[in-house]
1. Would you confirm whether or not the range B:158-174 contains a residue that is hydrophobic (A, V, I, L, M, F, W, C), outside any loop (DSSP other than H, G, I, E, B) and farther than 18 Å from B:Pro286 by Cβ?
2. Would a scan of the range B:336-346 turn up a residue that is within 29 Å of B:Gly127 (Cα to Cα) and either hydrophobic (A, V, I, L, M, F, W, C) or in contact with a helix residue (DSSP H, G or I) (Cβ under 8 Å, 6 or more places away or on another chain) (or both)?
3. So in the range B:151-173, with the set limited to residues that are under 13 Å from the mean Cα position of the chain (by Cα) and within 14 Å of chain A (Cβ to nearest Cβ), which one is nearest to B:Leu136 (Cα to Cα)?
4. Just need a number here: residues in the range B:193-213 that are loosely packed, with under 10 Cβ neighbours inside 10 Å and closer than 21 Å to B:Leu135 by Cβ.
5. Would you check which residues across the range A:29-51 are modelled with pLDDT of 95 or more, within 25 Å of B:Ile261 (Cβ to Cβ) and surrounded by fewer than 24 Cβ atoms within 10 Å (Cβ to Cβ) and list them?
6. Could you check the range A:84-99 and list, in sequence order, the residues that are of a type outside the set (Asp, Glu) and touching a strand residue (DSSP E or B) at 6+ places or on another chain (Cβ under 7 Å)?
7. Checking B:Glu183 against (1) modelled with pLDDT under 95; (2) closer than 12 Å to B:Ser79 by Cα, only one condition comes out false. Which one?
8. Can you tell me which residues in the range B:158-180 are charged (D, E, K, R) and over 19 Å from B:Ala83 (Cβ atoms)?
Amino acid sequence: MLNERVICAGFGGQGVMLMGQLISYAGMIEGKEVSWLPSYGPEMRGGTANCSVMVSERPIGSPVITDDATVAIVMNLPSLDKFEQDIINEGKIIINSSLIEKKTSRADLKAYYVPANEIAVELGNPRVANMVMLGAFLELTKTVGTDSVMMALKKIFGESKAHLMAINEEAMKRGAASING
Amino acid sequence: MAKVLMKGNEAIGAAAIKAGCKYFFGYPITPQNELPEYMSREMPKVGGVFLQAESEVSAINMVYGASGAGARVMTSSSSPGIALKQEGITYIAGAELPCVIVNIVRGGPGLGGIQPAQSDYNQVTRGGGNGDYKLLVYAPANLQEMVDLMQEAFDAADYYRNPVMMVGDGMIGQMMEPIEFKESKSRFELPLKDWVTTGTKEARKPNIINSLFLDPAELENHNIRLQAKYDAMKENEVKYEAYNLENAEIVIVAYGTTSRIVRNAIIDLKEQGINVGLIRPITLWPFPEKAFDLIPDSCKSVLSVEMSMGQMIDDIKIASNGRWPVHFYGRSGGMIPTPEGIIGKVKELVGGAK
């Protein structure tokens, strides 16, 4: 039964909140039970941002992830240090290797290293690093379909950012390819 | 209408505007800030008024004034801010004015913390203000229910001429969930607001809005009349959900987001052969005492699960009336109960693992 509990974490400005919202939104489009919960309060003032996302086939109880994340997507070193302990045994972690030189300290995890910033720069826009990570996540877990994410992105972007759709889609494809390559 | 993904605090604002709320007075406090922020952006678009007061005390008294002039009016805050509003709330109840107050509860006592809690149970059901008054208190478990109840909250406030409290917690306020804004018809026949103080134009006698009654007999009569109103609320406004009560060995009582966690624990327990039911109060006041008559003979004990240190136990004991022993499991301070914690407590009560 699908019951994915995802932590998205990084610096403020890396687009981790949007990444989480896209997973939730896409899940909603697919008729799944979803929730999105941001970190809030003083911990946000320190420059780190994270959100908890649930995509499930049964109604969601607590939207909070304590130590039972199935997947963590970490965009910077403090996030790796903070959240690698919160993943279930043999869970998955996707690490932005452009900014994190370290490997995960947990041997049981399935770890994937994605040079998200380098790929984003190659594509001509460093701001799509989050979409590279999201592409890797979707390829790995199949939690929601890429088409649904694109539909969600279209809703969130609206008309004014419609010209950015193509590069975001490309970033997701490259992220997916980095897992297989 | 299609579903939208919205943050709880913003959804409350959207639902309030949809229910005809035209005036909002507030003062910032985490974790409900997105609600006044939303109102500041959206109220002008519908010809309404958003005003950030200089304090909570000021905001609730602005509510008092706007309501006296016949407006659909709302304020919001979180636990310590609601504590500050209590004087205004009892004045509004005493003066018999309608309004909706949103409380996105955080941990206490004092300034406490900013993470989700349910430790305002006593504050919202007993009132922090003075005198014999009651609020109609809704505690929805998810954003859809919160949105669905908002129209009813405003209508009930107008119908009973009484403040209505909408209680969520930090999770309800901060999280995003799919929501559908449905067209709803009021189940109340709302009386004309012929008591408003909007000027007589010398065509009628002046209306007076007041909570001061110096003549003891007059004040007693006022109280008797208020009590009749609260009795009518007890008769007509109780809301609850009963889940999986059939053959239940244990019945858990839980409300708001905690009830969602309990529900998942119940599903897991069922798979392990332990049958547990849930009574979920949707109105905290009036408390759904009648729901306890649905508890089957198979039930050996009742368990209160809360994000507080056991504030609901008193009401559960009154409703149980000695029929079952009442136990407690809770977390506080912003810590969230886990299904594992709840399952552990249930197993302890049924006598070890099966």
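The values are calculated or read from the model by the stated rules, or taken from the named source; none is laboratory data. Not measured: the values here are computed from a predicted model. Cβ: placed from backbone, ideal geometry, glycine included. Neighbour counts: every protein chain shown.
1. Within the range B:158-174, one or more residues are hydrophobic (A, V, I, L, M, F, W, C), outside any loop (DSSP other than H, G, I, E, B) and farther than 18 Å from B:Pro286 by Cβ.
2. yes
3. Within the range B:151-173, the match that is nearest to B:Leu136 (Cα to Cα) is B:Gly168.
4. Kept after step one, since they are loosely packed, with under 10 Cβ neighbours inside 10 Å, are these residues of the range B:193-213: B:194, B:201-206, B:208, B:212.
Next, only the ones that are closer than 21 Å to B:Leu135 by Cβ stay: B:212.
Total satisfying the criteria: 1.
5. Of everything in the range A:29-51, those that are modelled with pLDDT of 95 or more, within 25 Å of B:Ile261 (Cβ to Cβ) and surrounded by fewer than 24 Cβ atoms within 10 Å (Cβ to Cβ) turn out to be A:Glu30, A:Gly31, A:Lys32, A:Glu33.
6. A:Ile87, A:Ile88, A:Gly91, A:Lys92, A:Ile93, A:Ile94, A:Ile95, A:Asn96, A:Ser97
7. That leaves (2) as the condition not met.
8. Hits for the range B:158-180 are B:Asp158, B:Arg161, B:Glu177, B:Glu180.
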